[in-house]
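The values are calculated or read from the model by the stated rules, or taken from the named source; none is laboratory data. Being a predicted model, the structure only gives us computed values, none of them experimental. Cβ placement follows ideal geometry from the backbone for every residue including glycine, while neighbour counts extend to all protein chains displayed.
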Amino acid sequence: MSAVLVSTTVNGDQTEFVCQTDETLLDVLRNRLGLTGSKEGCGTGDCGACSVIVDGRLVCSCLVLGVEAEGSEVNTIEGLADGDNLHPLQSKFIEHAALQCGVCTPGFLIAAKVLLDRNPNPSDVEIRFALAGNLCRCTGYDKIVRAVKAAAKEVRKRR
Amino acid sequence: MRYETPTTTREAATLMAQAKGSAFVLAGGTDLLVRMKSGLIEPDLVVDIKHIPATQSIEKTAAGFRIGAAVPAVAMSENAALKKAWPGVVEAANLIGSDQIQSRCTIVGNLCNASPAADSVPAMIAAGAKAIIVGPHGRRTVAVEKVVTGPGAMSLEKGEVIEAITLPKRPPKSGDAFLRFIPRTEMDIAIVSAGVCLTLDNKRVIKKARVALGAVAPTVVLVPAAAKAIVGSKLDDLNDEVMEKLAAACAAACSPIDDKRGTVEFRIEVAGVLARRAAKIAYQRAGGA
Ligand SMILES: Cc1cc2nc3c(=O)[nH]c(=O)nc-3n(C[C@H](O)[C@H](O)[C@H](O)COP(=O)(O)OP(=O)(O)OC[C@H]3O[C@@H](n4cnc5c(N)ncnc54)[C@H](O)[C@@H]3O)c2cc1C
Ligand code: FES
Ligand code: FES
């Protein structure tokens, strides 16, 4: 069959895996590497639940082939916290109750992290545009926007 | 499925030309993977062009700009010179999908998906963009409006791969603009779209124009009659008569479908409205007002 050996860096660790050529990065992360934080909501790029960072860019891992990750640096929700210390986004999501079922949450956190890395002082509108590729069926988005704003403040304080 | 990562466009073209079963070029994959997963296609070969240096960068050349076929749309917005010269093209490319999609999607993939609603295509056509095509028999350059021949149909021959898109040097006193109509502000497919590029003379009279419409015909259409309607006029006095002529020419070029997203009447009406609004923006950008 068409199984390929792929070498990548995942959350800072040198990682090798074998996958089928038509397997998505999302399936590799979840089924081969045991990193089940990234979720599959739609599988077609619409919901953002599978969001990860590849070489510094926010992508839907359901629309990336595992083989495309060769030589890349992949960052997932599992790498967001620093050991036991939650990232400000994670703390503020909890504080502001910006989640209910939680399926969308890893994707929102990753997308919000990419936003704050680029722009630590986003307006409400900028937050909403940056998170337009992430869908949430539960929260109604308002609490998510508030949590991201609060986290941004925290991030700025720590700089 | 065989997955290949050639390092030259020639090599990619050879792989595509020699492929036995179904073979597809992979750029950002935001169309291709969706089609693979839905079972619409089952590729025997996927040729990933992202390892080819000639597809990876945006170059400012003596003739204008050269945008590699693997350049994601987000990189276009990060290129200040490109944004300054061709704001309409960059804005159109940046309308494709979410930030997640922007990190991956390319304007060549958008073109080769051959959808009449592809957002970057009317802007590229209005700007006079050309596709550099590499095939088993060599290299050729084709105007973007000649690449797509119908919904899902292309004028590319077996084995031909697009290496880059070129944009001309923006002539003095020129400006471009792109607008689309969607029911929400993000993440939707255009019901109608319009790209306009204008060049003015020293008296701010329109000397040259290109108008292209999306989602109102089987392909994106270049509308010479719409350009003709405004050449020789000024738009800064919001000349209603000229604008009416522009809208009428656009309406005449439309042969849209009727679907749940928009009726024929609606699409035709909005095509004229968007062309007028885009023309005003392009006119301002050209230094007209
Ligand atoms: C969630 C979501 C939202 C979207 N929103 C929009 C939107 O708002 N507007 C819009 O216009 N589109 C939208 N799209 C569609 C898609 O993202 C765009 O068409 C995108 O530009 C495709 O580029 P790509 O590089 O990902 O193409 P790919 O998927 O890599 O390729 C698309 C097609 O072109 C062919 N191809 C690619 N590169 C070449 C080449 N160099 N030479 C020859 N053939 C080639 C491929 O074989 C394939 O058939 C959306 C898609 C998703 C999943
Ligand atoms: S699972 Fe990838 S975008 Fe929905
Ligand atoms: S918390 Fe349930 S989908 Fe967002």
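Summary table
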{"quantity": "Residue identified as modelled with pLDDT under 95 and away from chain B (no Cβ under 14 Å) among A:G79, A:G83, A:G102, A:G37", "calculated": "A:G83"}
{"quantity": "Scan of the range B:106-133 for residues that are more than 7 Å from ligand 1 (Cβ to nearest atom) and crowded, with 24+ Cβ neighbours inside 10 Å, ordered by number", "calculated": "B:L111, B:V121, B:P122, B:A123, B:M124, B:I125, B:A126, B:A127, B:A129, B:A131"}
{"quantity": "Candidate set: the range B:145-186, residues that are surrounded by 14 or more Cβ atoms within 10 Å (Cβ to Cβ) and among the β-branched types (V, I, T); chosen: the one farthest from B:E11 (Cα to Cα)", "calculated": "B:I182"}
{"quantity": "For A:V64: the one exception among (1) buried (at least 24 other Cβ atoms within 10 Å of the Cβ); (2) without any contact (Cβ under 8 Å) to a residue 40 or more places away in the chain; (3) of a type outside the set (S, T, N, Q)", "calculated": "(2)"}
{"quantity": "Residues satisfying the stated conditions in the range B:216-257, i.e. among the aliphatic types (A, V, I, L, M), in a loop (DSSP other than H, G, I, E, B) and closer than 25 Å to B:A118 by Cα", "calculated": "B:V216, B:A217, B:V220, B:V223, B:I257"}
{"quantity": "Given (1) in contact (Cβ under 8 Å) with a residue 60 or more places away in the chain; (2) more than 16 Å from ligand 1 (Cβ to nearest atom); (3) assigned to a loop (DSSP other than H, G, I, E, B), number of the condition A:Q100 does not satisfy", "calculated": "(1)"}
{"quantity": "Any chance A:L26 is crowded, with 21+ Cβ neighbours inside 10 Å, in a helix (DSSP H, G or I) and modelled with pLDDT of 95 or more", "calculated": "yes"}
{"quantity": "Qualifying positions in the range A:118-159 - away from ligand 3 (no atom under 16 Å from the Cβ), of a type outside the set (D, E, K, R) and out of contact with any His (no Cβ under 7 Å at 6 or more places or on another chain)", "calculated": "A:N119, A:P120, A:N121, A:P122, A:S123, A:V125, A:F129, A:A130, A:A151, A:A152, A:V155"}
{"quantity": "Test: residue in the range A:75-92 that is within 25 Å of B:L45 (Cα to Cα) and of a type in the set (S, T, N, Q)", "calculated": "no"}
{"quantity": "Residue check, B:R180 of a type in the set (K, R) and either within 14 Å of chain A (Cβ to nearest Cβ) or over 20 Å from B:T61 (Cβ atoms) (or both)", "calculated": "yes"}
{"quantity": "Selection count, the range B:85-95, where residues are over 11 Å from the mean Cα position of the chain (by Cα) and either within 8 Å of ligand 1 (Cβ to nearest atom) or away from chain A (no Cβ under 14 Å) (or both)", "calculated": "4"}
{"quantity": "Filtered residue count, the range A:109-148, keeping only those that are touching a residue at least 12 places away in the same chain (Cβ under 8 Å) and either farther than 21 Å from A:R57 by Cα or surrounded by 18 or more Cβ atoms within 10 Å (Cβ to Cβ) (or both)", "calculated": "27"}
{"quantity": "Among residues of the range B:50-84, those that are within 20 Å of B:D31 (Cα to Cα) and within 12 Å of chain A (Cβ to nearest Cβ), counted", "calculated": "7"}
{"quantity": "In the range A:23-65, the residues that are over 24 Å from B:I96 (Cβ atoms) and not β-branched (V, I, T)", "calculated": "A:E23, A:D27, A:L29, A:R30, A:N31, A:R32, A:L33, A:G34, A:L35, A:G37"}
{"quantity": "Flag if B:I58 is touching a Phe, Trp or Tyr at 6+ places or on another chain (Cβ under 9 Å), modelled with pLDDT of 95 or more, under 22 Å from B:I133 (Cα atoms) and surrounded by fewer than 20 Cβ atoms within 10 Å (Cβ to Cβ)", "calculated": "yes"}
{"quantity": "Output for the range B:253-269, where each listed residue is loosely packed, with under 14 Cβ neighbours inside 10 Å and touching a residue at least 12 places away in the same chain (Cβ under 8 Å)", "calculated": "B:S255"}
{"quantity": "Residue ID - nearest to ligand 1 (Cβ to nearest atom), chosen from residues in the range A:40-69 that are part of a loop (DSSP other than H, G, I, E, B) and at the interface with chain B (Cβ under 7 Å from one of its Cβ atoms)", "calculated": "A:G45"}
{"quantity": "Any chance A:T21 is within 16 Å of ligand 1 (Cβ to nearest atom) and touching a residue at least 24 places away in the same chain (Cβ under 8 Å)", "calculated": "yes"}
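Yes/no matrix, rows are residues, columns are (1) among the aliphatic types (A, V, I, L, M); (2) under 13 Å from the mean Cα position of the chain (by Cα); (3) on the phi > 0 side of the Ramachandran plot; (4) not assigned by TED's automatic domain parsing to the domain that holds A:V67:
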residue: A:V10; (1), (2), (3), (4): yes, yes, no, no
residue: A:D13; (1), (2), (3), (4): no, no, no, no
residue: A:C19; (1), (2), (3), (4): no, no, no, no
residue: A:D22; (1), (2), (3), (4): no, no, no, no
residue: A:V28; (1), (2), (3), (4): yes, no, no, no
residue: A:L33; (1), (2), (3), (4): yes, no, no, no
residue: A:G37; (1), (2), (3), (4): no, yes, no, no
residue: A:E40; (1), (2), (3), (4): no, yes, no, no
residue: A:T44; (1), (2), (3), (4): no, no, no, no
